[in-house]
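This report refers to the structure that appears directly beneath it.
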Amino acid sequence: MAPMPSIETLIAFFGVSVLLALTPGPDNIFVLLQSAQRGWRAGMCVVLGLCLGLVGHTAAVALGLAAVFAASGMAFTVLKVVGAAYLAWLAWGALRAPASVHEAPPGGAAAAGGNGGALRMVGRGVVMNLTNPKVLVFFLAFLPQFADPAQGGMARQIMLLGLVFMLATLLVFGAIACFSGAFGALLQRSARAQRLLNRVAGLVFLGLALRLATAQR
């Protein structure tokens, strides 16, 4: 039988993961704002992208690449600068976004811009997650704590834990996307409210960019 954490460990890990996903941070704030601006379907595309990014972080930890990255100050700095620049670009776009009143609640394919728009939102989630070096360092410190070296197969155990973490993230962030999208649909009916939402989103993205740019290992 392939080595894996016990059921009790997986349940405990899932509970901790849910609490972590509920804790305010760049990713769930990103989901909340994108859902409010573009609708719940667009928000769910962002959530999917964030989860795909977690696959990369989990694989890096399982393969030992995260330890090498964490030891490299240059790699950490380059990645956080790229992430901060991306967030600043999103802030600029949100601050310049025009207000357009929707008679029907947004959230369908039209709100997300069709298939191309959906893929773009998934890409935003992937980039948002992968360019945050704090997530990789966190995974490096967090996942191995729930793996049992005595069972061997640490890489397999870590990959399984990563999948559980992704499930918790999908459930929590998905709920945030749905609730925020429904609230945002009401705001989209008012040009003034939409302009305010765009300004708030831009300032929050800018704040997240500054926070990431000044992050330390």
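The values are calculated or read from the model by the stated rules, or taken from the named source; none is laboratory data. Treat the numbers as computed from the prediction; the structure is a model and nothing was measured. Cβ coordinates were reconstructed from backbone atoms using ideal geometry, including for glycine residues, and neighbour counts include every protein chain displayed. Accessible surface areas use protein heavy atoms only, side chains included; no ligands, DNA or RNA. Shrake-Rupley method; radii C 1.70, N 1.55, O 1.52, S 1.80 Å.
Tabulated values for the structure
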read-out: List L170, L210, ordered by accessible area with a 1.4 Å probe, largest first; value: L210, L170
read-out: Cα→Cβ-extended label distance, 7 Å offset, between L196 and A150, nm; value: 5.8
read-out: Three-way shape call for the stretch 121-171 based on the alpha-carbon gyration tensor, with the a/c threshold at 1.5; value: prolate
read-out: Label-point gap, in nm, between V18 and W89 - each point 7 angstrom along Cα→Cβ; value: 3.7
read-out: Proximal charge balance of L95 [Cβ under 13 Å; K/R count +1, D/E count -1]; value: +3
read-out: Using θ = phi - 60° and Karplus 6.51 cos²θ - 1.76 cosθ + 1.60, couplings along the stretch 122-130 (whole Hz; Gly, Pro as x); value: 4, x, 4, x, 4, 5, 4, 7, 6
read-out: Net +/- balance of residues flanking L203 in space, Cβ distance below 15 Å, scoring K and R +1, D and E -1; value: +4
read-out: Karplus-derived 3J(HN,Hα), 6.51/-1.76/1.60, for each residue of the stretch 146-157, Hz, glycine and proline x; value: 9, 9, 10, x, 5, 7, x, x, 4, 4, 5, 4
read-out: Where Rh is the Kirkwood radius over Cα pairs, Rg/Rh for the stretch 138-210; value: 1.24
read-out: Per residue, in Å², the accessible surface of the stretch 8-50 once ligands and nucleic acids are set aside, probe 1.4 Å; value: 41
read-out: 13 Å beta-carbon shell around A118, net charge (K/R +1, D/E -1); value: +4
read-out: FRET efficiency estimate (nearest 0.05) - Cβ-Cβ, L10 to Q216, R0 35 angstrom; value: 0.60
